[in-house]
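Just below is one structure, and these are the notes that go with it.
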Amino acid sequence: MTDFIKDPVILMPERHPEPVFSTEELVFTAEETRQIATWVSQYPTADGAIMKVLWMAQEKFGFLPPEVIRLSAGALGMPYARAFGVATFYTQYFKSKKGRYVLDVCTCFSCQICGGYDMLHYLEEKLGAHAGETTDDGLFTIQEVECLGACGSAPMLQITNGPYVMNLTEEKIDALIDALKRDQLPFFSSVTLPQDEDDLGGNRRTDVRDTLTYSAPPVAKTLG
Amino acid sequence: MPTVTIDNQEFEFEGNPILLQFCLDHDIELPHFCYHPAMSAPANCRQCLVEIGTPEIDRGTGEPRLDEDGNPVIRFFPKMMTGCSEDISDGMVVKTHRSSELVREAQKDNLEFLLINHPLDCPICDQAGNCPLQIQAYKYGPEGSRFEFRKVSKPKHIELGPRVVLDAERCINCTRCTRFTTEISESHQLTIIERSVWNYPMTPPGVDFDEPYSMNVIDICPVGALTSKDFRFKARVWEMSSTPSITIGNAKGSNCFYWVKDNLVQKVTPRTNMEVNEYWLPDEDRLDYDVFNENRPEGPTIAGQSASWDDAKTAAADLLKNVDANGIVFLGSAFACVEDNYLLGELASALGAAAPSYIQHIEPGAGDGWLITDDKTPNASGCERLGIRPLDATLLRSRIQGGDVKLLYVLQDDPVAAGICEAADLAGVSVILHHTNTTNETLVAANVALPAATVVETVGTFVNQDGHAQRVWPSKAIRGVNRTLSMEIGKSRADKHGTPFDRWFDEDHLVDCQPGWVVIPEIADLLDIELRFKGPRDIMLKVSSENEAFGGATYDAMAEPGVRLVDVGAEV
């Protein structure tokens, strides 16, 4: 993002890229097709289910090259161009191959003043890859993202469009990377705000495995 | 009748009009970019913001509340609304930029936003001079910009397809082009990709924008983002004159403008006619203008040798005089106008020869049921209505080979290229040919060749396959003087740009040709046949009064929209 502000150049995407997947690979299984039919029945028109189908395709193929978007559009009988517009609109749909874990570090306003960039730079140094890049072993992709809506627990990061890791510290990042290398994905943890804890007598959520109590956020190194 | 008040002026309305369209229809200019009457209104350019209020209704009585003066109390929406997405309702009060400072400021600010990343390359942009963004920024925009950072650079000169070039920087994301491919042509080849400042229209990977109507997006693009690959950098809009006319590539007779510079047709754009082509024009109709510019004849010839018009007409008359009427075959033409075909028919009957027939040019399967037809001629229906029948090619071929035909008179067609006969077969036949291009393969066999004016040089009437009679105006000048053409040129020049730079009377590129309605009466005169008319206007007066298949098709009645003729169906 920062590079873009300095040098705001948008490059031309490749018009006719070589397909990544073969035609034999590009199929939805019978079960997936049934699932799609269920989703379609939940919307007024079949087009409505495109986001769910793309999501499923991303989980199946890992990312969404054009031929997978075409497959998803075809499954709903909607124009490929329209599905492509949807897929490119959302950053959570990966249009290129990513590492096994995508670490989205928030550097938006709240996280930034609480050390979001400190965490990002620590992670970059630790993994030897810059934001937007994938480590050589193909395990991790680091991304710098805008607000993920967890400002109360800043700084934070998100793992592959999934669980949040909040109240980040360098030690927490070390532990997280070790766990991910062992393929242990952290669980979603619920955080309450202090006033709620006073009123409610602590975090009373029972539907999550981990609950965290509120802690005063840190201050970014450059500010402290 | 329900009423709406726009800028303190009351209008009556019927039905459920869209506010923006209603304003435009009543000569109230509301700036806008994304709205197009033929397509859905996404209201995403935000340029047509107006203040809208509706009468306050007392919930108890269901009647409008009245103020102390007895006028209904108007409650305005807290924010300005887009005129393109708002239906007019009874009692509505609208304030446009003409009466509201708020609206003026909104228009100004909105344009400042639209121009933030818009490049300032108007001097090299094809759209300049005819650009809604340029015009509206000038009329309603701010005097400068407060944006002091580097503008975003986006991909430029991308060939989206074989005919359309994209300059993504200039795009303001009005989505007219993507809505055209979604709602009108339904090719679904374009979409807006990416998000925020990254987005612009694009084909998805592996797809080319090659549909047969792709060039329409160039006309509806309100900026210079989509330009024609063919026309790019050829001429500025103020250097050309545009003349209302019709296209002749097929039997739909789509309405168009011919844009002329230096007496050469530079481009063809659609002209709105809701009865024929609405707002659109297929690509093939836009790109076949080379026939007007290239391979044009340089004056008449007698046996291949250049001759004066007088000599050529005399030679033609002599040929006609010295042949028995039974040996003369007249070929009318579905490429020529009704007037020329009518005169040819009159000439044939005065000579006692058989009535003319015309060569059909039908490509089965070429049509699409919309603006592209199987029939590749503009006036087959006009010929039919004159009683000119399709030619029996086999019969004519055998008659020519059997030596029955002594003289072949061809109006604007090419029997050799059409496969009726070989040029060698015509060795023993005298041929009089009105030809428009030197590529005409019958030309080598012509004893007298009389260059004919094409649709851009003549005045005439064409009838499309649906029976819509439309007249054309001369778009460019020919060599030599013709009073009718000069007058019609003057009338046709709805010069929107009002500058003296077009090279209308430049001596270059003037084609030495004459319309059929000049040449045929003069030949008839030499044969002592009475076939004098004051001009094509008089011919159509006579045709429309005598022939009920042309009832009402006078020049005054046709004007620019044309006249829908009665369906004579089985009679023709």
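The values are calculated or read from the model by the stated rules, or taken from the named source; none is laboratory data. Keep in mind that this is a model prediction, so the values were computed, not measured. All Cβ positions, even for glycine, are placed from backbone atoms using ideal geometry, and neighbour counts span all protein chains on display. Calculation scope for accessible area: heavy atoms of the full protein, side chains included, ligands and nucleic acids excluded. Shrake-Rupley method; radii C 1.70, N 1.55, O 1.52, S 1.80 Å.
Of all the residues in the stretch B:19-36, those that are more than 14 Å from B:Pro222 (Cβ to Cβ), surrounded by 15 or more Cβ atoms within 10 Å (Cβ to Cβ) and out of contact with any Leu (no Cβ under 6 Å at 6 or more places or on another chain) number 5. Counting only residues that are at the interface with another protein chain (Cβ under 8 Å from one of its Cβ atoms) and in a loop (DSSP other than H, G, I, E, B), the stretch A:74-89 holds 1 of them. Any residue in the stretch B:363-374 that is over 30 Å from B:Asp283 (Cβ atoms), in the same structural domain as B:Leu565 (by TED's automatic domain parsing) and among the aliphatic types (A, V, I, L, M)? No, the stretch B:363-374 contains no residue that is over 30 Å from B:Asp283 (Cβ atoms), in the same structural domain as B:Leu565 (by TED's automatic domain parsing) and among the aliphatic types (A, V, I, L, M). The condition of being in contact with a Pro (Cβ under 7 Å, 6 or more places away or on another chain) and over 22 Å from B:Gly365 (Cβ atoms) holds for B:Pro204.
Each residue in the stretch A:142-178 was checked for being out of contact with any Asp or Glu (no Cβ under 7 Å at 6 or more places or on another chain) and closer than 21 Å to A:Gly62 by Cα, and 8 pass. For the stretch A:150-169, a residue qualifies if it is within 15 Å of the chain's Cα centre (by Cα) and more than 11 Å from A:Cys111 (Cβ to Cβ), and the qualifying residues are A:Gln158, A:Ile159, A:Thr160, A:Asn161, A:Gly162, A:Pro163, A:Tyr164, A:Val165. Applying the set (1) in contact (Cβ under 8 Å) with a residue 24 or more places away in the chain; (2) buried (at least 17 other Cβ atoms within 10 Å of the Cβ); (3) at the interface with chain A (Cβ under 8 Å from one of its Cβ atoms); (4) farther than 12 Å from B:Leu226 by Cβ to B:Ser187 leaves exactly one unmet item: (3).
Do we find that B:Ser153 is within 28 Å of A:Lys6 (Cβ to Cβ), within 14 Å of chain A (Cβ to nearest Cβ) and of a type in the set (S, T, N, Q) in this structure? For B:Ser153, the condition - within 28 Å of A:Lys6 (Cβ to Cβ), within 14 Å of chain A (Cβ to nearest Cβ) and of a type in the set (S, T, N, Q) - is met.
When B:Asp508, B:Asp466, B:Asp556, B:Asp525 are checked against the criterion of being open to solvent by 50 Å² or more (accessible area, probe 1.4 Å), modelled with pLDDT of 90 or more and part of a loop (DSSP other than H, G, I, E, B), a single residue qualifies: B:Asp466.
Taking the criterion of being open to solvent by 40 Å² or more (accessible area, probe 1.4 Å) and of a type in the set (Val, Ile, Thr), the only residue of the stretch B:256-277 that qualifies is B:Thr272. Among the listed residues B:Pro142, B:Pro162, B:Pro201, which satisfies the condition of being under 18 Å from B:Asn44 (Cα atoms) and more than 9 Å from chain A (Cβ to nearest Cβ)? Checking each option against the conditions leaves just B:Pro201. Can you name the residue in the stretch B:146-173 that is under 25 Å from the mean Cα position of the chain (by Cα) and in a loop (DSSP other than H, G, I, E, B) and is also surrounded by the most Cβ atoms within 10 Å (Cβ to Cβ) among such residues? Within the stretch B:146-173, the match that is surrounded by the most Cβ atoms within 10 Å (Cβ to Cβ) is B:Leu160.
For first residues located in the stretch A:3-32 and facing chain B (nearest Cβ under 7 Å), partners that are open to solvent by less than 70 Å² (accessible area, probe 1.4 Å) and hydroxyl-bearing (Ser, Thr, Tyr) and lie 6+ apart or on another chain with Cβ distances below 6 Å form the pairs A:Val9/B:Ser153. When B:Phe209 is tested against (1) under 23 Å from the mean Cα position of the chain (by Cα); (2) buried (at least 16 other Cβ atoms within 10 Å of the Cβ); (3) outside any loop (DSSP other than H, G, I, E, B); (4) more than 8 Å from chain A (Cβ to nearest Cβ), only condition (3) is not met. In the stretch B:560-572, the residue that is modelled with the lowest pLDDT out of those that are hydrophobic (A, V, I, L, M, F, W, C) and open to solvent by 40 Å² or more (accessible area, probe 1.4 Å) is B:Val572. Looking at the stretch A:23-37, is at least one residue assigned to a helix (DSSP H, G or I) and touching a Cys at 6+ places or on another chain (Cβ under 7 Å)? So far as the stretch A:23-37 goes, no, none of its residues is assigned to a helix (DSSP H, G or I) and touching a Cys at 6+ places or on another chain (Cβ under 7 Å).
Of all residues assigned to the stretch B:124-145, none qualifies as being of a type in the set (Val, Ile, Thr) and open to solvent by less than 10 Å² (accessible area, probe 1.4 Å). When the stretch B:434-466 is filtered for residues that are in contact with a Leu (Cβ under 6 Å, 6 or more places away or on another chain) and over 16 Å from B:Ser333 (Cα atoms), the ones remaining, listed by number, are B:Ala445, B:Ala446. Number of residues in the stretch B:176-210 that are hydroxyl-bearing (Ser, Thr, Tyr) and more than 26 Å from B:Gly369 (Cα to Cα) equals 2. With respect to the conditions (1) open to solvent by 40 Å² or more (accessible area, probe 1.4 Å); (2) of a type outside the set (Lys, Arg); (3) at pLDDT 95 or above, B:Met202 lacks only one, and its number is (1). Restricting to the stretch B:259-294, what's the tally of residues that are hydrophobic (A, V, I, L, M, F, W, C) and not in a loop (DSSP other than H, G, I, E, B)? Number of matching residues: 8. In the set (1) within 14 Å of chain A (Cβ to nearest Cβ); (2) without any contact (Cβ under 8 Å) to a residue 60 or more places away in the chain, B:Asp109 fails one condition alone, (1).
Residues that are part of a loop (DSSP other than H, G, I, E, B), over 27 Å from the mean Cα position of the chain (by Cα) and under 15 Å from B:Cys513 (Cβ atoms) within the stretch B:408-446 comprise just one, B:Ala446.
Determine if the stretch A:90-108 includes at least one residue that is open to solvent by 30 Å² or more (accessible area, probe 1.4 Å), of a type in the set (Val, Ile, Thr), away from every other protein chain (no Cβ under 14 Å) and not in a loop (DSSP other than H, G, I, E, B). No, the stretch A:90-108 contains no residue that is open to solvent by 30 Å² or more (accessible area, probe 1.4 Å), of a type in the set (Val, Ile, Thr), away from every other protein chain (no Cβ under 14 Å) and not in a loop (DSSP other than H, G, I, E, B).
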